[in-house]
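One structure below.
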Amino acid sequence: MGAQENLEITKQGYAAFTAGNVEEAMANLADDIEWVTPGRSAVSGTARGKQEVGANWAQLAAKGFKTSPQHWFADDERVVVLTQVSLGDESWDAADVLTFENGKVIRFQTAGDTTKLERALPGD
């Protein structure tokens, strides 16, 4: 797969996620995806597999999580999304990096303001 295909898959995934269509949003995630969220929030750490990712998404959805992509960058292996995130009463800018293999996202890693994420979704 090339940069354009990866970019299109990413845009479709973000649109599905925003629309609340979990099945479609997960369609192009590898079954053994690694989903990395920094910090000490309730969703921080590395979620492995679609079931763990779905559990994290459910926690985010319960608090009104929204992501609004602003810029997209892609090559043959990765797509970087610069996005504005809001969760509860908090909002921040984030950079999401999606790594692809054979048309599937095998790794997702986000970087943003972990303090705000922790305030909105405190960990144990």
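The values are calculated or read from the model by the stated rules, or taken from the named source; none is laboratory data. As the structure is a prediction and not an experimental result, all values here were calculated from the model. Backbone-built Cβ (ideal geometry, glycine too); neighbour counts: all protein chains shown. Note: areas computed on protein heavy atoms with side chains; ligands, DNA, RNA excluded. Shrake-Rupley method; radii C 1.70, N 1.55, O 1.52, S 1.80 Å.
Any idea how many Lys pairs in the chain come in under 19 angstrom at the alpha carbon, given 8 or more places apart or on separate chains?
Values: Lys11/Lys50; Lys11/Lys66; Lys11/Lys104; Lys50/Lys104; Lys63/Lys116; Lys66/Lys116.
Qualifying lysine pairs in the chain: 6.
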Measuring from the longest principal axis of the C-alpha atoms of the chain, the long axis of helix 49-62 (C-alpha) lies at a number of degrees, nearest 10, equal to 50
In a Gaussian network model of the chain with springs linking alpha carbons closer than 10 Å, the residue among Gly112, Gly13, Gly64 that fluctuates most is Gly64
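Can you send over the carbon and sulfur percentage of the accessible area for the chain, probe radius 1.4 Å, protein chains only?
Numbers: 3240 of 6960 Å².
It is 47 percent, rounded to a whole number.
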Taking the dipole of the stretch 48-124 about the Cα centre (Lys, Arg +1; Asp, Glu -1; charges at Cβ), the one of Ala58, Ala74, Ala94 that reaches farthest to the positive side is Ala58
Farthest towards the positive end of the dipole of the chain, among Gly39, Ala3, Thr115 and with Cβ unit charges of +1 on Lys and Arg and -1 on Asp and Glu, lies the Cα of Thr115
Taking alpha-carbon centroids only, the stretch 1-75 lies from the stretch 88-124 a number of Å equal to 9
Note to self, the chain gives a 222 nm [θ] from helices alone (DSSP H runs n ≥ 4, -39500 (n - 2.57) apiece, / all residues, nearest 500) of -10000 deg cm²/dmol
If every Lys and Arg gets +1 and every Asp and Glu gets -1 at its Cβ, then about the Cα centre the stretch 4-94 yields a dipole, in debye to the nearest 20, of 400
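So if a site counts as exposed when it's one of the trypsin sites (Lys or Arg not before Pro), its DSSP state isn't H, G, I, E or B, and it has at most 16 other Cβ atoms within 10 Å, what's the longest stretch of the chain without one?
The answer is 64-124.
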Of the candidate values [x] 0.98; [y] 1.08; [z] 1.32, the one computed for Cα Rg over 2.2 N^0.38 Å from this structure is [x]
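Kindly report the accessible area of the chain per residue (heavy atoms of protein chains, probe 1.4 Å, no ligands, DNA or RNA), in Å². All intermediate terms of the calculation are to be shown ahead of the outcome.
Numbers: 6960 Å² over 124 residues.
Dividing the accessible area of the chain by its residue count gives 56 Å².
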